[in-house]
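The values are calculated or read from the model by the stated rules, or taken from the named source; none is laboratory data. On a predicted model such as this, the values are computed, not experimentally measured, just so you know. Ideal geometry is used to build each Cβ from the backbone, glycine not excepted, and the neighbour counts take in all protein chains shown.
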């Protein structure tokens, strides 16, 4: 089994419609060739959604002629950055390895009883291009020695009779300092219209099927940014104008928050006007949102 004691650290970025083509034009990606794959994924849960409620994803992925079984726990973080446990291993065919699943920590408690009831609940099918980037490909001194996998996914989520596009970048830290993720993301944001995203593909699919998108309450600046990010995720998947209004309101609350210092407030105040009327980010939005998310993450870590 791969990753017996795993911790995945990644930064997820949602792209505007022009984002993929702009990303592919970046000189950074010309330093190494891309690996191209077609991924077909089935996510499993009980009919009652027990795994979704526990924020655990169980996925079968068919890629390059093999089948991989993956388990992911809830991510910790915000502003696009998450840290979560992940287990992945190859299985002989398109069926769950229930015996191996039962040995994993997420299924040692109450969830042990739900394993026999797991059935496919949603699909994500997409093309993936991935680049392996080392510190030599990034100019910032803090990135030296880091290894980051940059992944561009384009496709769709199919859940409960509904469909929504996938158009995102994931920056996964393979080795080195997590600061290098922010360095790379900010470098991309200089040219590519993007924004942080706090919703996994599985979470998006579950919400899509239920046609129910829940937003958390917010008090601190980090919580208001997280709420705005989730509201934008919900808006683009639901096309419900109320979520765009929620995102704009959360950004205004963030810009006025008394806990922000002067420099952080300048970035927060730039966000509402940098978001397009259709909820898509400009490059200015991405730069401001990532810079602010980075600062808030550092502040939280120092407490």
For region 74-92, check the following and say yes or no: at least one residue is assigned to a helix (DSSP H, G or I), in contact with a helix residue (DSSP H, G or I) (Cβ under 9 Å, 6 or more places away or on another chain), at pLDDT below 95 and closer than 30 Å to residue 285 by Cβ. no
Residue count for region 18-45, restricted to those that are under 19 Å from residue 200 (Cα atoms) and surrounded by fewer than 16 Cβ atoms within 10 Å (Cβ to Cβ): 2
Filtered residue count, region 30-73, keeping only those that are farther than 16 Å from residue 153 by Cβ, assigned to a strand (DSSP E or B) and over 18 Å from the mean Cα position of the chain (by Cα): 6
Consider residue 130 carefully, then state whether it is closer than 18 Å to residue 173 by Cα, at pLDDT 95 or above, assigned to a strand (DSSP E or B) and touching a strand residue (DSSP E or B) at 6+ places or on another chain (Cβ under 7 Å). yes
In region 250-277, residue surrounded by the fewest Cβ atoms within 10 Å (Cβ to Cβ) [restricted to those that are more than 13 Å from residue 224 (Cβ to Cβ) and more than 25 Å from the chain's Cα centre (by Cα)]: 262
Restricting attention to region 174-186, does a residue exist that is surrounded by fewer than 18 Cβ atoms within 10 Å (Cβ to Cβ), modelled with pLDDT under 95, assigned to a helix (DSSP H, G or I) and in the same structural domain as residue 123 (by TED's automatic domain parsing)? yes
Restricted to region 202-215, and to residues that are touching a strand residue (DSSP E or B) at 6+ places or on another chain (Cβ under 6 Å) and at pLDDT 95 or above, which residue is surrounded by the fewest Cβ atoms within 10 Å (Cβ to Cβ)? 209
Yes or no: residue 165 modelled with pLDDT of 95 or more, assigned to a strand (DSSP E or B) and over 15 Å from residue 44 (Cβ atoms)? yes
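One line per residue, one yes/no per condition, for (1) more than 26 Å from residue 73 (Cβ to Cβ); (2) touching a helix residue (DSSP H, G or I) at 6+ places or on another chain (Cβ under 7 Å):
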| site | (1), (2) |
| --- | --- |
| 198 | no, yes |
| 242 | yes, no |
| 255 | yes, yes |
| 269 | yes, yes |
